[in-house]
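Readers should treat all values here as calculations from the given coordinates under stated rules, not as data from a laboratory. Please read these numbers as outputs of a predicted model, since none were measured by experiment. Note that we place each Cβ from the backbone using ideal geometry, even for glycine, and neighbour counts take in every protein chain shown.
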Amino acid sequence: MTHQLAGSFVLVALLTLSQFAAGAESAKSPPTIESMLQDLKSRGIDVIYSSSLVPPDLAAPEGVTHSDPLNPDPLMAARRALAHHGLELRQIGPDRFVVAKAPEPAPAAPAQDEEMREISVYASRFAIDSGSLVGLLSMQGPEIDSIPGAHDDAMRALKVLPGMATNVSARPYIRGSLSEDVLVRYDGITLLDPFHLKNFQNLFSAIDPAAVDGIEVFSGGFPVNYGTRSGGVINISAPSAGTGYENRVAASLISAGVSSTGTADNLPLEWFGAIRRSTLDLFEPVRNSVGKPQFSDTLGRLRWKTEKGAWTAGWLSLDDQLALGVAGDAELAHARYRDEYFWLARDHRFNGALKTRVAAVISAAERHRTGTVNIPGVANGMLEESREFQRVEVTNDWTYSSSESSSYSFGAEVSLSSAEYDHARDVTISPDIAAAFGRVPTDTVRHVVDPEVAYLSLYAAHRRKWANFEAEFGVRLDAQDYEGFGEHAQLSPRLNLRYDLSDRTRFYASAGRFTQAQHVEEWRVEEGQVSSDSAQAANHSILGVAHESEADVKWSLEAYRKRWTRVAPYFDNMLNPLSLLPELAPDRIRVEPNASEASGLEFNVRAPLRENLSALGSLSWSTVADDFGDGDVPRSWDQSLAATAGITWKVSQLSLSALAGWHRGWPRTPYQLTMPIGVAPGTIVLGDRNSRRWSNYYTFDLRGSWNWPMRRGELTTTLEITNSTDRANPCCASLEGAFAGQPLLVSTNNWLPLFANLGFVYRWRRE
């Protein structure tokens with residue numbers, strides 16, 4: 001039985017368990033406050049609460065349930081239950097509340113949980129959870145399901161955050177960094193490449209939206225427990241259920257799947273599982289124009305709660321079988337990808353001051369890719385490549401709170417990784433075209449390499465809070481032993497500061513060094529790399545101010561600078577970054593800067609306009625360039641000036657939202673076509689790389705959903721339209737052919753046209 005079948009069997013078992021593990025209804029214990037708040041969350045009402053105020057075992061008073069006969073409204077029932085314990089719900093936005101102590105003579109602790117205090121000091125942090133579209137910046141954020149254009153992909157919702165540069169890919173560039181420079185974690189586990197259609201723009205993330213409770217994004221200045229990457233952090237948390245279960249069946253024009261989340265009544269067991277498969281490849285128009293982009297994934301975890309913590313076992317499996325391009329296309333590609341992760345973690349709290357988490361992860365991946373390119377008079381070639389990776393990682397994190405105002409965190413990470421590469425390509429380029437791009441006319445490569453590396457990381461940080469001032473200083477040590485190719489070590493000190501001018505206004509600053517050693521799965525095998533690169537090193541500095549008005553209008557202004565003093569070489573395609581087989585394209589070049597720098601200024605605002613209407617907006621100015629000693633060259637994803645504006649309206653069963661995005665065109669390399677001489681075809685003359693820009697990019701995305709309550713559940717239908725104005729946003733130039741006595745043929749391609757996605761979700765639950 002394959003792991004995919006095993007995952008399917010586990011999910012079927014979970015669905016069955018959700019029906020029977022609840023136990024006899026007559027013996028059911030009284031509901032907890034936490035389960036009532038989770039029920040509100042499932043109904044679209046977001047409630048923020050602290051585990052210190054609402055512990056998991058805090059029971060509702062007798063007679064008050066999710067369907068309280070005295071108060072059929074679940075929100076009113078939750079208010080009654082909280083009031084019994086001296087607590088209340090305070091509204092902070094449309095369908096958004098926070099649990100706080102009710103005004104009593106006894107002094108009350110701030111209505112803010114321990115985790116929020118831990119993250120409050122960090123600059124450039126945003127969080128997307130299941131609240132409203134315009135949640136509190138730096139604490140909560142846009143609702144994943146309400147972002148127009150997300151299309152069944154939680155990672156695509158990140159486009160509303162400042163500092164994100166995205167194209168058709170679900171994998172963003174964060175503040176000028178390469179997309180590979182961003183650390184992605186799920187449930188505390190590092191994921192190496194959690195995307196579908198790898199090597200083909202990473203069009204979809206591997207995380208089912210049903211598997212996401214919230215997303216934290218650090219675009220800079222992240223704490224020392226996040227390491228190994230220099231650009232940013234995307235940290236995804238897994239869902240959980242307070243009591244009962246919720247099962248879900250979903251289908252759209254992109255994907256279809258089932259999921260189950262629940263908690264057993266008679267066992268301290270919590271589960272989550274999801275299986276998803278693409279549907280795009282089932283439609284004839286897609287097969288006739290694109291090919292067969294088939295992918296699937298399964299993700300889940302089992303969590304066994306104990307008196308002092310919990311045991312967690314989880315898995316993630318990805319499978320892609322791709323046939324891209326159709327007969328007659330210049331490029332044809334076939335690929336098979338498989339990724340598997342299995343992890344076991346233990347969370348343990350020794351007392352109110354000391355807690356720890358230890359996790360062990362086993363991951364493995366296989367990549368097989370073949371393809372051909374045939375552009376008459378320009379290039380002809382083939383590619384065949386196989387890659388395999390294996391990794392074992394153990395992490396241990398500790399937190400010690402010595403007092404209300406002082407805490408320490410420290411930990412270690414150890415991992416062993418190995419890879420096997422087999423890369424072969426053979427491409428012939430027209431001599432005139434090869435000369436224009438600085439290539440050799442014949443490029444034949446066969447390279448086999450088996451790198452291995454052992455990683456060790458240690459970190460420690462001290463956090464101290466005074467009346468209006470908070471500071472954290474941390475340091476991280478990363479070391480690598482590349483088997484037979486040398487040893488490396490990097491030291492990374494980091495400092496985060498925050499000053500509260502008032503209850504509504506805060507200033508913050510961050511400075512630190514962030515290093516990034518080369519992973520074995522990042523070997524530049526296409527150029528025959530044998531030994532590892534020196535670790536990249538970047539210095540981040542951030543200065544910002546944030547304010548929240550009495551009317552719940554929240555805004556922030558932030559300036560940042562990110563300077564790479566050591567940069568690893570990377571590859572870029574001068575004309576067409578969307579090539580199916582970029583290694584075979586004539587415009588493929590190697591970029592090796594001396595240093596790089598990204599800097600910018602970002603303004604963000606979130607505002608409730610009225611009871612059921614809210615809006616968001618952001619404006620950012622930025623620049624990112626590589627330094628080659630004799631001058632700077634903008635990186636290909638430098639967008640200079642960008643703006644986003646969104647609005648959402650929610651009433652009863654209807655939800656409508658719109659999102660407009662605009663940014664200055666990305667850099668491009670200018671060119672001129674030469675006229676043919678005699679029977680020779682015309683060729684191309686290039687200008688300075690990235691010295692011009694494409695026209696400005698604009699898109700207007702729409703989303704609407706309607707919810708039908710049913711006897712045994714609820715049905716939601718959603719319609720999303722991306723680029724609703726069908727604007728042609730040019731992105732790239734493709735060489736199409738050079739024929740005797742004729743000019744070279746070059747076409748301009750655009751980003752995605754208007755695209756509509758219709759989806760349905762049916763949920764049924766037992767509380």
May I ask for the angle, rounded to the nearest 10°, between helix 3-20 and the longest principal axis of the chain, with both axes built from Cα atoms and the value confined to 0 to 90°? 20 degrees
Just how large is the dipole of the range 552-627 about the Cα centre, in debye to the nearest 20, putting +1 at every Lys and Arg Cβ and -1 at every Asp and Glu Cβ? 220 debye
Considering only the other residues whose Cβ falls under 10 Å of the Cβ of Arg439, what net charge follows from Lys and Arg at +1 and Asp and Glu at -1? -1
Which Rg and Dmax, in Å, describe the Cα atoms of the range 116-766? 25.0, 86
Once you have a ≥ b ≥ c as the square roots of the Cα gyration tensor eigenvalues for the range 539-628, tell me rounded if a/c is under 1.5, and otherwise prolate or oblate according to whether a/b is larger than b/c. oblate
Largest-first principal axis extents of the Cα set of the range 198-290 (Å): 50, 42, 14
Do the sum for the chain: with -39,500 (n - 2.57) for every DSSP H run of n ≥ 4, divided by all residues, what is the mean residue ellipticity at 222 nm, to the nearest 500 deg cm²/dmol? -2000 deg cm²/dmol
Starting from the Cα gyration tensor of the range 333-402, multiply each eigenvalue by 5, take the square root, and state the resulting semi-axes largest first in whole Å. 48, 13, 8
Among Ala379, Trp523, Leu715, whose Cα sits farthest toward the positive end of the charge dipole of the chain (+1 at Cβ of Lys/Arg, -1 at Cβ of Asp/Glu, about the Cα centre)? Leu715
Give the peptides 698-704, 304-310, 241-247, 258-264 in descending order of average Cβ contacts within 10 Å, highest first. 258-264, 241-247, 698-704, 304-310
Can you give me the distance in nm between label points at Glu366 and Asn351, each placed 7 Å from the Cα along the Cα-to-Cβ direction? 5.2 nm
Given labels modelled 7 Å from the Cα in the Cβ direction, how far is it in nm from Phe760 to Ser289? 2.5 nm
The chain - charge dipole about Cα centre, Lys and Arg +1 at Cβ, Asp and Glu -1, debye rounded to 20: 1320 debye
Note down the net charge around Asn757, summing +1 for each Lys or Arg and -1 for each Asp or Glu among other residues with Cβ under 12 Å from its Cβ. -2
Starting from the coordinates of the alpha-carbon atoms of the range 699-750, obtain the Kirkwood hydrodynamic radius over all distinct pairs and give the value in Å to one decimal. 15.3 Å
How high is the FRET efficiency between Ser386 and Leu601 when r is their beta carbon distance and R₀ equals 45 Å, given to the nearest 0.05? 0.50
Here the relative contact order (percent) of the chain, from C-alpha pairs under 8 Å and at least 6 apart, is 10 percent
What is the distance in Å between the Cα centres of the range 636-709 and the range 420-435? 30 Å
Identify all lysines with a Cα-Cα distance to Lys159 below 24 Å; exclude those on the same chain that are fewer than 8 residues away in sequence. Lys41, Lys198, Lys554, Lys562, Lys650
Inter-centroid distance (Cα atoms) of the range 476-490 relative to the range 572-598, Å: 28 Å
Given charges at Cβ of Lys, Arg, Asp, Glu: the chain dipole, positive-most of Val233, Thr699, Leu316: Thr699
Two pseudo-spin positions, 7 Å from Cα along C-beta at Thr505 and at Leu578, lie apart in nanometres by 4.7 nm
In the chain, taking the dipole from +1 charges on Lys and Arg beta carbons and -1 charges on Asp and Glu beta carbons about the Cα centre, the listed residue (Ser655, Leu584, Ala756) farthest towards the positive end is Ser655
Please give the charge dipole size of the range 409-562, origin at the Cα centre, charges +1 on K and R Cβ atoms and -1 on D and E Cβ atoms. Round to the nearest 20 debye. 980 debye
Would you please report the Å³ per residue occupied by the convex hull of the alpha carbon atoms in the range 422-543? 156 Å³
Using per-residue counts of other Cβ atoms within 10 Å, averaged over each peptide, order 568-578, 314-324 from highest down. 314-324, 568-578
